[in-house]
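This report concerns only the one structure given below.
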Amino acid sequence: MIRIEQYAFFRCESLVYIKLSINLEYIGQGSFYECNLFSVFIPPTCREIDGAAFYLNKNLSILSVFEHVELGRDMIQNTKLAKSSPFEVSASGETFNLHRACLSFQPL
């Protein structure tokens, strides 16, 4: 699998774990919107994660993303990671801080 299209797992509330393909290149808008993921590890082949991809995953506390990945707006809004991160990751759309939150933040 190289693409996950928009809203592919929209509101799959029982989805708590997912192992992504090492060949994955793209994650579409709202793909995992309002699921129950705790942690996600994006493979190095991924080039783009569209807006709101992990929006409302309230328990999401670990998101490992490589620096070259293009990140969409509101990708992790309303997640534990966004609320607990020492970096500003809100509606400003500043992807530098979003990358810092995803790469540097270690939950307690």
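Just by accessible area at a 1.4 angstrom probe, what is the order of 64, 85, 14 from largest to smallest?
Accessible-area ranking of 64, 85, 14, largest first: 14, 64, 85.
Can you tally the net charge around residue 45? Count Lys and Arg as +1, Asp and Glu as -1, for every other residue whose Cβ sits under 15 Å from the Cβ of residue 45.
It works out to a net charge of -1.
Quick one: ranking 66, 32 by accessible area, 1.4 Å probe, largest first, what do you get?
66, 32
State the percentage of accessible surface on the range 1-48 attributable to carbon and sulfur atoms; use a 1.4 Å probe and exclude ligands, DNA and RNA.
53 percent
Ranked highest first by average number of other Cβ atoms within 10 Å, how do 4-11, 46-53 line up?
46-53, 4-11
Against the globular-protein guess of 2.2 N^0.38 Å, express the Cα radius of gyration of the range 28-91 as a ratio, rounded to two decimals.
1.00
The values are calculated or read from the model by the stated rules, or taken from the named source; none is laboratory data. Here the structure is a predicted model, which is why all the values come from computation and not from measurement. Glycine gets a Cβ as well: all are built from the backbone with ideal geometry, and neighbour counts include every protein chain shown. Heavy atoms of the whole protein, side chains included, go into the accessibility calculation; ligands, DNA and RNA do not. Shrake-Rupley method; radii C 1.70, N 1.55, O 1.52, S 1.80 Å.
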